[in-house]
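Just so it is clear, none of the values below were taken in a lab; they were calculated from the coordinates. Source: prediction; values computed, not measured. Positions of Cβ are backbone-derived with ideal geometry, glycine not excepted, and every protein chain shown enters the neighbour counts.
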Amino acid sequence: MKLVINKSTKKNQMKNLYQILIGLLVMPFIAHSQTAIKAEIIYTVSGAAIKNGVVLIKDGKIERVGTAKEIDIPKNYTVVTSKVVTPGFIDARSVVGLSGALNIPTDQDQLEKSSPIQPELRAIDAYNPEEKLVAYVREFGVTTMHTGHGIGALVSGQTMVVKTKSGKIDEVTLVPMEMLAMTIGASVEGNFTSPGTKAKQIAMIRTEFLKAQAYLQKQNDKDTAKRPAIDLKYEALSKLLKGEVKALITVNSSNDIMNAIRLAKEFNFKLVIDGAAEAYRLIDEIKACKAEVILHSTMSRNAGDMINMTRESAAILTAANIQVSIETGFEGYVPKTHVLLFEAALAVTYGLPYEEGLKSITLNPAKLLGIDKRVGSIEKGKDADLVLFDGDPFEYLTKVSKVMIDGQWVSKN
């Protein structure tokens, strides 16, 4: 009896063989995405530290965390050991990715000086995921950044939230428009011929907010013929007035902080006080208006409107039950940014409780940015963004040994 195999049968057999070969090639990579990290201590941040702990990671998410006694590591998981594990760090306020490492005009997109009020400028149009400065902060454990337009304009533009991994802009972006970046203070006067005084700054801001209120009212007119043409400036300001985004106002002196608080009360918007060098003088006022605080880099210099800053601010505000997030901020010299880990460590040195120091660069900014369901702590179901250390994270000689974002190792160490 002659066996006849038609062309269709041969084609199916070849297709099946091809699928088997592909499966064999892909299997090692699938197994690699399943990782178990064993550590002497795991700071979950959301709960008590776990000694002799294990974190299981599968498909980019935290599958389970607990003690080695509680968790049996599956055989197909790649095991990595570490002294200490923390959640990936979150920089609460940065310009990295708009500001680059070279300090030349082509990599400095954080501040547009053609006008003091430009809320329509989108951070997502300027952010560069492949900027070397992004990789630099990642090597120190920063896995998520709140970045965007910088200080020095009344309204400099929009901010965004990104993962610090390499990739296309849409792949790394968590929130394309997070806040409107604003500044009240001497730095504005140095960048523009007008405003030239504090009173003029506030008057100009109030004028634009009043125009935005009128624009919003007209846009809501039932008669579509009476609605004005779309204006990008007032569309952005309207989002603030409607409570869809927060105002990130960089202010440091107590007078400027009070100006920001008055604006928030008058126009009923959500306020985030950025910098806040003299916030320790206005604890009751900050609490009363329910403002959130992003504290300046601990190692900032006592100069200008930060002349009265204290390195104990984080400890003072935390003791007063004001949630503090610490930022790296912006420097005029290369590489344009501080190291977030060192800033938190110094705050701990100056009285901030140890685990509150970790929270100030993990869970606190995650809550501030509304992304705490995904990042900020080591919990089941959250993104596998982790930092591994060869010792105490706040000890100067300790090094970051590995960094993971979304379950993938991204550090060079």
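Note on the chain: GNM, Cα springs under 10 Å; of GLY243, GLY381, GLY185, the largest mean-square fluctuation is that of GLY243.
Note on GLU70 and GLU139: with the Förster distance fixed at 35 Å, the Cβ-Cβ geometry gives a FRET efficiency of about 0.65. For segment 89-375, DSSP calls about 30 percent of its internal beta bridges antiparallel.
Full extension of the chain between ASN103 and ALA229 gives 41.5 nm of extra length, using 0.36 nm per residue less the Cα-Cα distance. Using R0 = 35 Å, the C-beta based FRET efficiency linking LYS373 and ARG262 works out to 0.55. In whole percents, the pair-distance distribution calculated for segment 82-160 from its alpha-carbon pairs, binned every 5 Å from zero, is 3, 16, 24, 23, 15, 9, 5, 3, 1, 1, 0. If R0 is 41 Å, the Cβ-Cβ spacing of ARG206 and TYR333 corresponds to a FRET efficiency of close to 0.75.
Find, among the chymotrypsin sites (Phe, Trp or Tyr not before Pro) in segment 313-413, those assigned to loop by DSSP (not H, G, I, E, B) with at most 11 other beta-carbon atoms within 10 angstrom. Numbers along the way, then the final one.
Values: sites: PHE330, TYR333, PHE342, TYR350, TYR354, PHE389, PHE394, TYR396, TRP409; in loops: PHE330, TYR333, TYR350, PHE394, TYR396.
Loop-located and lightly packed - TYR333, TYR396.
With each label modelled as a point 7 angstrom along the Cα→C-beta vector, the SER166-TYR396 pair spans 3.3 nm.
Across segment 89-375, Cα pairs under 8 Å and at least six residues apart give a relative contact order of 18 percent.
Out of the trypsin sites (Lys or Arg not before Pro) in segment 105-173, which ones are loop residues according to DSSP with at most 12 other C-beta atoms within 10 Å? Please list the in-between numbers first.
Details: sites: LYS113, ARG122, LYS132, ARG138, LYS163, LYS165, LYS168; in loops: LYS113, ARG122, LYS165, LYS168.
Here the trypsin sites (Lys or Arg not before Pro) that fit, given the DSSP loop and packing criteria, are LYS113, LYS168.
Roughly how tilted is helix 7-32, in degrees to the nearest 10 and between 0 and 90, from the longest Cα axis of the chain? Once rounded, one gets 60 degrees.
Please report the relative contact order for segment 191-289, taking Cα pairs under 8 Å with a sequence separation of at least 6, and give it as a percent rounded to a whole number. Please report the intermediate quantities before stating the final value.
Working: 92 pairs, mean separation 21.3, N = 99.
After rounding, I find 21 percent.
Our Cα-only numbers for segment 89-375 put the radius of gyration and Dmax at 18.2, 62 Å.
If a paramagnetic tag sat 7 Å from the Cα of LYS287 along the Cα-Cβ line, which residues of segment 318-358 would have the backbone N under 17 Å from that point? The answer is 318-324, whose backbone nitrogens lie closer than 17 Å to the label point. The label-point distance for LYS51 and LYS218, in a model that sets each label 7 Å from Cα toward Cβ, rounds to 6.8 nm. Rounded to the nearest 10 degrees, the angle from helix 198-219 to the longest Cα principal axis of the chain is 60 degrees. Mean-square fluctuation check for the chain, GNM, Cα pairs under 10 Å: which of GLN219, GLN110, GLN201 is largest? Top of the fluctuation ranking is GLN219.
Using only alpha carbon pairs under 8 Å that are at least six residues apart, calculate the relative contact order of segment 369-413 and give it in whole percent.
Numbers: 59 pairs, mean separation 12.6, N = 45.
About 28 percent, as a whole number.
When the chain is treated as a GNM with alpha-carbon contacts under 10 Å, the residue of ILE71, ILE230, ILE205 showing the greatest mean-square fluctuation is ILE230. Given +1 at the Cβ of Lys and Arg, -1 at the Cβ of Asp and Glu and no other charges, the dipole of the chain around its Cα centre is 1660 debye to the nearest 20. Computed from label points 7 Å out along Cα-Cβ, the spacing between THR349 and ASN302 is 1.6 nm. Using alpha carbons only, how many degrees (0 to 90, rounded to 10) separate the axis of helix 254-267 from the longest principal axis of the chain? That helix lies at roughly 80 degrees to the long axis.
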